[in-house]
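Enquirer: This is the structure I have questions about; it appears just below.
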Amino acid sequence: MFRKLFRRDNESDAVHDLYAGLIEQARQKEFYENHSVPDSLDGRFDMITLHMFLILHRLKTDKGTTEAFSQKLFDLMFYDMDLSLREMGVGDVGVGKRVKAMLQGFYGRVAAYEEALQQGEKSLEEALGRNLYGTTEADQASIQYMRDYLVRQIEHLEEQDIVQIMSGKITFCA
C-alpha cells in the first residue's frame, strides 16, 4: 500500500520497511494495556509520533546523508495518516483540516521531546505527560516507564549502524 507513494527503488523500499517497523513497534499492546497510553486514534497517533521522533532523532546525527531519507519517511507517515482518515470516512475537506492539525501536533511533540531531552528527566516526564498522555490521566509509574523507554530506545538506536537503518532494518529494545 505505501509503496505506491514512491518509485520502486532500494531507498523507497527501505523507507517503507522502516516505517512498517515503526508502526509495528508503536502498536505493541503493552503500551496501551500496561502503561496507560490511550487506545484511541489520538493515543495511536502519539505512539507513532513518539517512534517517528526516535528514528528522526537518530537519523539527524548523520546530517547531510540522511535528510532526503528523513523527508521521505516523514512524507510516508503523513500519506499514511491521510489514507487512514479517508478509510475512516473523513471527507476531503475534513481530511485536510485533520492532517493540518496532525502536522502541528507532530511538530510540537518533536520539538517538546527534543527540548526535554536537553533539560533532563523531569522535563521529559512533563513533555510525555502533556503529549503522550494529554487526553488521559496517567499514573506516575506509566510516565516514568515511558521516559525510561524513550531513553533506552535512543541509546539502543545510537548503537545501530546508520547504513543499516537507512536500508530499512531497525530494531527496538525491550
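Enquirer: In nm, to one decimal, how far is the Asp9 label point from the Gln140 one, both placed 7 Å along Cα→Cβ?
Expert: Here the modelled spin labels are 5.3 nm apart.
Enquirer: Just grab the label-to-label distance for Asp39 and Glu24, each label 7 Å out from Cα along the Cβ direction, in nm (one decimal).
Expert: In this crude spin-label approximation the distance works out to 2.1 nm.
Enquirer: Below 10 angstrom from the Cβ of Gly168, what's the summed charge of the other residues (Lys, Arg +1; Asp, Glu -1)?
Expert: Around Gly168, the surrounding residues sum to -2.
Enquirer: Right, here's the next one. Let me know the shape class of region 123-174, please: from the alpha-carbon gyration tensor, a ≥ b ≥ c as square roots of the eigenvalues, rounded when a/c is under 1.5, otherwise prolate if a/b is greater than b/c, or oblate.
Expert: prolate
Enquirer: Can you sort Phe172, Phe31 by how many other beta carbons sit within 10 Å, fewest first?
Expert: Ranked by crowding around the Cβ, least crowded first: Phe172, Phe31.
Enquirer: Using the Cβ atoms and a cut-off under 12 Å, what net charge is assigned to the surroundings of Arg152, where Lys and Arg are +1 and Asp and Glu are -1?
Expert: Result for the local shell: -3.
Enquirer: Follow-up. Roughly speaking, what is the stretch gain from Lys122 to Lys63, that is 0.36 nm per residue apart minus the C-alpha to C-alpha distance, in nm to one decimal?
Expert: Once the chain is fully extended between Lys122 and Lys63, it gains 18.4 nm.
Enquirer: While we're on this one: So, with +1 on the Cβ of K and R and -1 on the Cβ of D and E, and no other charges, what is the size of the charge dipole of region 56-134 about its Cα centre, to the nearest 20 debye?
Expert: Dipole magnitude for region 56-134 comes out near 120 debye.
Enquirer: I would also like to ask the following. I need Asp39, Asp82, Asp161 ordered by Cβ neighbour count within 10 Å, fewest first.
Expert: Exposure proxy ranking, most exposed first: Asp161, Asp39, Asp82.
Enquirer: While we're on this one: Find out how many positive minus negative residues lie around Leu124, taking Lys and Arg as positive, Asp and Glu as negative, among other residues whose Cβ is under 12 Å from that of Leu124.
Expert: Residues near Leu124 contribute -3 overall.
Enquirer: Let me ask something else about it. Mind checking which lysines have their C-alpha under 28 Å from Lys63, skipping anything on the same chain fewer than 8 residues away?
Expert: Within the straight-line limit of under 28 Å, Lys63 reaches these lysines: Lys4, Lys72, Lys100, Lys169.
Every read-out reported here was derived from the displayed coordinates using simple, explicitly stated rules and does not represent laboratory data. Given the structure is predicted, the values throughout are model-derived calculations rather than measurements. Neighbour counts are summed over all protein chains in view; Cβ atoms, including those assigned to glycine, are modelled from backbone coordinates with ideal geometry.
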